[in-house]
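Comments concern the structure below.
Derivation of every value follows stated rules applied to the coordinates shown; laboratory data play no part. Since the model is a prediction, treat every value here as computed from it, not as a measurement. Don't worry about glycine lacking a Cβ; one is built from the backbone with ideal geometry, like all the others, and counts go over all protein chains shown.
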Amino acid sequence: MTITVWRALCVVSAALFVAGMFILLVARLLKNKYYHVYTADETINKSKMTNGKNTVYFASGETKNYISKYAVCKTEFDRYLVCKFVKKFSYLRYFVLEYSARGRCIGVQQIDEYDTGINSKIITLRRRCASVNVVVGTVEDNEINTDVIRPFSMKRIRLYALIKSFTFFAFMFAVRHILLEVLCKDVVGLYLFDMLNYISIGVSFVFALLSYAVTALCFRRKNVKALSGGSAEYEFV
């Protein structure tokens, strides 16, 4: 191939890299899906603080049999949640679903507590969180609710891994040629027709395959964040 063809391939690779990044950002293949839509829980009390406000809600559905109330505390810089249990449990798992002001789920936290008190530990919320739902998962040895987060299908993970690895290969191909043109412009013609050129392309392809394998095999299917916090002293009314 002539130098002109190599340069054309470099331009095409750069364009494919940009297209691949655009697809990864727009398609959002790894965005979590959730079974639960936002349900407005009954408000018990609202109180203002010097730098924020507290709102106490009744828990709803089957959750209220184990978690009677929860308080959302909002300050200028932080937002956090504290739950009140109906009694002490040796083990309790529950999910905190965080929603934006438009009611879109922006994250789910899986909370595991052992030898609980009456109040939960402090659960930090995202700053964008406008409201929450609390869904009980497991109480003692009784599994109540597991359908909170839909696991990613392997097809979506493999498609994401394929686009990512292809984009990675296009990036390395384009950068490799640009560096040759800039740093070795006097001998670029000789290098492009040398076996080392094809070996470097092969190495880039191997790295792209490794990228696909690592992404497909090691990606976690559930974007659940288990948090541990300090004990909370909150006066529920």
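Structure notes:
- The range 6-79: trypsin sites (Lys or Arg not before Pro) falling in loop per DSSP and having at most 12 other Cβ within 10 Å: ARG28, LYS31
- Note on MET154 and TYR114: with the Förster distance fixed at 41 Å, the Cβ-Cβ geometry gives a FRET efficiency of about 0.80.
- You can think of it this way: the chain between LYS46 and PHE193 has 45.5 nm of extra reach, that is 0.36 nm per residue less the Cα-Cα gap.
- Near-label residues of the range 170-200 by backbone N, under 19 Å of a point 7 Å along Cα→Cβ of VAL5: 173-174, 177-178, 181, 188-200
- Loop-resident sites, the range 133-220, for GluC sites (Glu not before Pro), counting at most 14 other Cβ within 10 Å (DSSP): GLU140
- Other residues with beta-carbon under 11 Å from the beta-carbon of VAL139 carry, at +1 per Lys or Arg and -1 per Asp or Glu, a net charge of -3.
- Shown here is the pair-distance distribution of the chain: with all Cα-Cα distances grouped in 10 Å bins from zero up to the longest one, the shares run 7, 24, 22, 15, 13, 11, 7, 2, 0 percent.
- In a DSSP loop and with at most 11 other Cβ atoms within 10 Å, the GluC sites (Glu not before Pro) in the range 33-121 are GLU42, GLU76.
- 17 Å cut-off, amide nitrogen to a point 7 angstrom out along LEU24 Cα→Cβ, residues in the range 170-185: 170-176
- Neighbour net charge for VAL86 - beta-carbon separation under 15 angstrom, K R +1, D E -1: +2
- Potential lengthening of the chain between ARG128 and THR55 amounts to 24.6 nm, from the contour at 0.36 nm per residue minus the alpha-carbon distance.
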